[in-house]
1. Can B:V78 be described as crowded, with 20+ Cβ neighbours inside 10 Å, out of contact with any helix residue (DSSP H, G or I) (no Cβ under 8 Å at 6 or more places or on another chain) and touching a residue at least 12 places away in the same chain (Cβ under 8 Å)?
2. Quick one: count up the residues across region A:31-59 that are touching an Asp or Glu at 6+ places or on another chain (Cβ under 8 Å), facing chain B (nearest Cβ under 9 Å) and within 10 Å of A:L74 (Cα to Cα).
3. List the number of the failed condition for B:A86; all other conditions in (1) over 26 Å from A:K36 (Cα atoms); (2) within 10 Å of chain A (Cβ to nearest Cβ) hold.
4. Can you find a residue in region B:9-20 that is of a type in the set (D, E), modelled with pLDDT under 95 and touching a strand residue (DSSP E or B) at 6+ places or on another chain (Cβ under 7 Å)?
5. Determine, yes or no, whether B:F102 is touching a Leu at 6+ places or on another chain (Cβ under 6 Å), surrounded by 14 or more Cβ atoms within 10 Å (Cβ to Cβ) and under 30 Å from A:L117 (Cα atoms).
6. Quick test of your reading of the structure: A:E53 fulfils all but one of (1) surrounded by fewer than 14 Cβ atoms within 10 Å (Cβ to Cβ); (2) in contact with a strand residue (DSSP E or B) (Cβ under 9 Å, 6 or more places away or on another chain). Name the failing condition by number.
7. Just give me the residues in region B:43-61 being more than 17 Å from B:I101 (Cα to Cα) and either in contact (Cβ under 8 Å) with a residue 24 or more places away in the chain or of a type in the set (A, V, I, L, M) (or both), in sequence order.
8. Taking region B:1-51 on its own, how many of its residues are surrounded by fewer than 19 Cβ atoms within 10 Å (Cβ to Cβ), among the hydroxyl-bearing types (S, T, Y) and more than 14 Å from every other protein chain (Cβ to nearest Cβ)?
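The values are calculated or read from the model by the stated rules, or taken from the named source; none is laboratory data. In this text the structure is predicted, and so the values were computed from the model without any measurement. Reconstructed Cβ throughout: ideal geometry from the backbone, glycine too, with neighbour counts over all protein chains shown.
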Amino acid sequence: DTAVSQTPKYLVTQMGNDKSIKCEQNLGHDTMYWYKQDSKKFLKIMFSYNNKELIINETVPNRFSPKSPDKAHLNLHINSLELGDSAVYFCASSQDWALGLGKVSTDTQYFGPGTRLTVL
Amino acid sequence: DQQVKQNSPSLSVQEGRISILNCDYTNSMFDYFLWYKKYPAEGPTFLISISSIKDKNEDGRFTVFLNKSAKHLSLHIVPSQPGDSAVYFCAASVGRDDKIIFGKGTRLHILP
């Protein structure tokens, strides 16, 4: 009963290639995220989608393009891979709800297992 | 199969009191544990960590305790302050592998 799954778990590729990482959640959550982990201590948010719409887009090279075909999926496509793209990428999801006047994210998130990307 | 479990989705604590956030793990190979703090619309930021060779690590108001036999760790915040209101994630990893496994978080509310 995997909640958030990512494929592949490990990806080794040559510089300059184009690759995709897929993420799926079966929790019925409205919001999904992509994070880049540069070290054990540093986890940086890249993108967030709510109901297939982009709501957070941090300063990320435009070689990175998220795609959300439906609210259960958020895929990350990376063009022209560079050595510095080597990292672990985490997908996560959370459930949003509306509280009166505004929407507030629960922020309790389910993380996927991570995809270790190695660019040679 | 959740390897890192945070069984309390939320916790409310009076300002000035001690906040205790708990985390259990199932994989006995984990030897490095981390706590992250997350504000809304931001990514988790690293807070404090502990290696399995220790049973306590302290950094200012934050102390993490590790009980290897019980496969349990906890984060203590003393005294709790309003700015501590956030979601706290427990995470663990094996050896030198950078991949970390996250719990699903506990939302801490500090009450005035």
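1. Criteria not met by B:V78.
2. Within region A:31-59, residues that are touching an Asp or Glu at 6+ places or on another chain (Cβ under 8 Å), facing chain B (nearest Cβ under 9 Å) and within 10 Å of A:L74 (Cα to Cα) number 0.
3. (1)
4. Checked against the condition, which is being of a type in the set (D, E), modelled with pLDDT under 95 and touching a strand residue (DSSP E or B) at 6+ places or on another chain (Cβ under 7 Å), region B:9-20 yields no hits at all.
5. Values: touching a Leu at 6+ places or on another chain (Cβ under 6 Å): no; surrounded by 14 or more Cβ atoms within 10 Å (Cβ to Cβ): yes; under 30 Å from A:L117 (Cα atoms): yes.
For B:F102, the condition - touching a Leu at 6+ places or on another chain (Cβ under 6 Å), surrounded by 14 or more Cβ atoms within 10 Å (Cβ to Cβ) and under 30 Å from A:L117 (Cα atoms) - is not met.
6. Every listed condition holds for A:E53 apart from (2).
7. Narrowing region B:43-61 to residues more than 17 Å from B:I101 (Cα to Cα): B:53-61.
Within region B:43-61, B:I53 is the sole residue that qualifies.
8. Adding up the residues that qualify gives 3.
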